[in-house]
1. Just for segment 286-303: of the residues that are in contact with a His (Cβ under 9 Å, 6 or more places away or on another chain) and not small (Gly, Ala, Ser), which one is least open to solvent (accessible area, probe 1.4 Å)?
2. Count, please, the residues in segment 157-172 that happen to be in a loop (DSSP other than H, G, I, E, B) and more than 16 Å from Asn92 (Cα to Cα).
3. For segment 304-347, how many residues meet the condition of being over 23 Å from the mean Cα position of the chain (by Cα), open to solvent by 40 Å² or more (accessible area, probe 1.4 Å), of a type outside the set (Lys, Arg) and farther than 29 Å from Thr168 by Cα?
4. Would you point out the residue of segment 198-221, among those that are hydroxyl-bearing (Ser, Thr, Tyr) and modelled with pLDDT of 95 or more, that is surrounded by the most Cβ atoms within 10 Å (Cβ to Cβ)?
5. Could you tell me how many of the residues in segment 256-285 are outside any helix (DSSP H, G or I) and either open to solvent by 10 Å² or more (accessible area, probe 1.4 Å) or within 19 Å of Val59 (Cα to Cα) (or both)?
6. Quick one: which residue in His259, His217, His255 is touching a strand residue (DSSP E or B) at 6+ places or on another chain (Cβ under 8 Å) and either acidic (Asp, Glu) or closer than 19 Å to Ser25 by Cα (or both)?
7. Give me a count of the residues in segment 114-124 that are under 13 Å from Met141 (Cβ atoms) and touching a helix residue (DSSP H, G or I) at 6+ places or on another chain (Cβ under 7 Å).
8. Counting only residues that are open to solvent by 10 Å² or more (accessible area, probe 1.4 Å) and either closer than 19 Å to Leu293 by Cβ or out of contact with any helix residue (DSSP H, G or I) (no Cβ under 9 Å at 6 or more places or on another chain) (or both), how many does segment 370-393 have?
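The values are calculated or read from the model by the stated rules, or taken from the named source; none is laboratory data. Not measured: the values here are computed from a predicted model. FYI the Cβ positions are ideal-geometry reconstructions off the backbone, even for glycines, and counts take in every protein chain you see. What goes into the accessible areas is simple: the full protein's heavy atoms, side chains included, and nothing from ligands, DNA or RNA. Shrake-Rupley method; radii C 1.70, N 1.55, O 1.52, S 1.80 Å.
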Amino acid sequence: MNGQGTQTIAAEAGYEVVAEPSVTSPSGFVAGGVHAGLKKKRRDLGMIFCEVPASAAAVYTMNAFQAAPLKVTRDSLAAEGKLQAVVVNSGNANACTGQRGLEDALKTRREAAKLLGIPEHRVAVASTGVIGEFLPMDRMMEGLARLVKEVGKGGHLPFSESILTTDTCTKEAEVVLRVEGRPVRIAGAAKGSGMIHPQMATMLAFLTTDAVIDSRHLQHLLREVTDETFNMITVDGDCSTNDMVLAMASGRAGHSPLHPDHPEWAAFKAGFAHVARELAKMIARDGEGATRLVEVKVTGAASQAMARRVAKGVVGSNLVKSAVYGADANWGRVFCAIGYSDPDVKTEAVDLYIGDIPVVRESRPVSFNEEQVQAHMKEERVQFRIDLHQGIHEAVAWGCDLTYEYVRINACYRT
């Protein structure tokens, strides 16, 4: 969808897309990032800080080997559902590191709280990078001391840069809307490029807002929105140990508390979902070695679960991804993925469009202009639209093409 189309949808939903987003735009938030020496050159330690205790919520990877920082963050949120700071390091995942890894994550939380002068349980921690290596805690502690002094001085970019691994760019999104006449901002920053698969992956996302909302309602909203955004992307089918999406609400906007029965809940939810969706799409487009964003929209499904299974099955197919890289209009690969995604698909009823061009109707091929389809498949965004003709449910999934560069990057990731 072009920028004008996005703006039109946003206006209709009750929010405005911010052209130059910043995770620190919502009132009460500052951020920073420094180079602590976990990576050779780039910033690798970042922090978002809220001036007041913020309502907070989080969702985590489904991988059984959950990294130590996730366990510590769960513990922090369990205390009262409020946070003031999140400390994030890149270059080292602190995953599969046993008791020592847990103690290192706890020490990071403890030292950050001490330096900031806040209770330990109001600090969350997150890590991303190489699995199975211990954090160099001397460098972490020295970097943390510098980071606390730098928070708020350099704006949002130092933080957004500090969380990156193999990413080629920072990822940020923001919207503004009005609740009871007061401006409310929702912003986010994320990282993710490889090991990306539904149920989240080696991706981290941090959403901030100055809305007034209880942690319980924020948690429910975050889980619901994550299911239709971050859990609908895939790069390579690998679900990581460190995924986390964290949301914080400062309450500085000053309106009455938001909840599902609030008259402006729908607009807030739409804006929140927009930020998450844009971040998810940026992660998918920045897949390691990727040259194109792939979008699969499924309509006419018998259930929401069916729509999501089919959309994720197609966007995650290595054969489909390879076909996109080669701009090969081999629609049989799409049908193959549809067939193994859900056993209840009616195999005689499926329509398939590549871009706006119909290539299959009622599961039978139709004649199409090969050059037109190839031209679409060479565009920045390649779309497959699938109508199952079985019901009213729909879903969208995002991914990227599979290239030689992906293999090169991951063949020498540690070196």
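1. Kept after step one, since they are in contact with a His (Cβ under 9 Å, 6 or more places away or on another chain), are these residues of segment 286-303: 298-303.
Pick out the ones that are also not small (Gly, Ala, Ser) and you get 298-299.
Numbers: Val298: 0, Thr299: 38 Å².
So, considering only residues that are in contact with a His (Cβ under 9 Å, 6 or more places away or on another chain) and not small (Gly, Ala, Ser), the one least open to solvent (accessible area, probe 1.4 Å) is Val298.
2. So in segment 157-172, the residues in a loop (DSSP other than H, G, I, E, B) come out as 163-170.
Still in the running and more than 16 Å from Asn92 (Cα to Cα): 168-170.
So the count comes out to 3.
3. Of the residues in that region, 9 qualify.
4. Just the residues of segment 198-221 that are hydroxyl-bearing (Ser, Thr, Tyr), to begin with: 202, 208-209, 215.
Narrowing further to those that are modelled with pLDDT of 95 or more: 208-209, 215.
Details: Thr208: 31, Thr209: 33, Ser215: 19.
Once the filter is applied, the top-ranked residue is Thr209.
5. Selection size over segment 256-285: 8.
6. On the way: His259 fails: either acidic (Asp, Glu) or closer than 19 Å to Ser25 by Cα (or both); His217 fails: either acidic (Asp, Glu) or closer than 19 Å to Ser25 by Cα (or both).
Going through His259, His217, His255 in turn, just one is touching a strand residue (DSSP E or B) at 6+ places or on another chain (Cβ under 8 Å) and either acidic (Asp, Glu) or closer than 19 Å to Ser25 by Cα (or both): His255.
7. Quick first cut of segment 114-124, residues under 13 Å from Met141 (Cβ atoms) only: 114-115.
Checking the rest, the ones that are also touching a helix residue (DSSP H, G or I) at 6+ places or on another chain (Cβ under 7 Å) come to 115.
Within segment 114-124, residues that are under 13 Å from Met141 (Cβ atoms) and touching a helix residue (DSSP H, G or I) at 6+ places or on another chain (Cβ under 7 Å) number 1.
8. Filtering segment 370-393 for residues open to solvent by 10 Å² or more (accessible area, probe 1.4 Å) gives 370-372, 374-376, 378-381, 383, 385, 387, 389-393.
Okay, now just the ones that are also either closer than 19 Å to Leu293 by Cβ or out of contact with any helix residue (DSSP H, G or I) (no Cβ under 9 Å at 6 or more places or on another chain) (or both), so 370-372, 374-376, 378-381, 383, 385, 387, 389, 392.
Of the residues in that region, 15 qualify.
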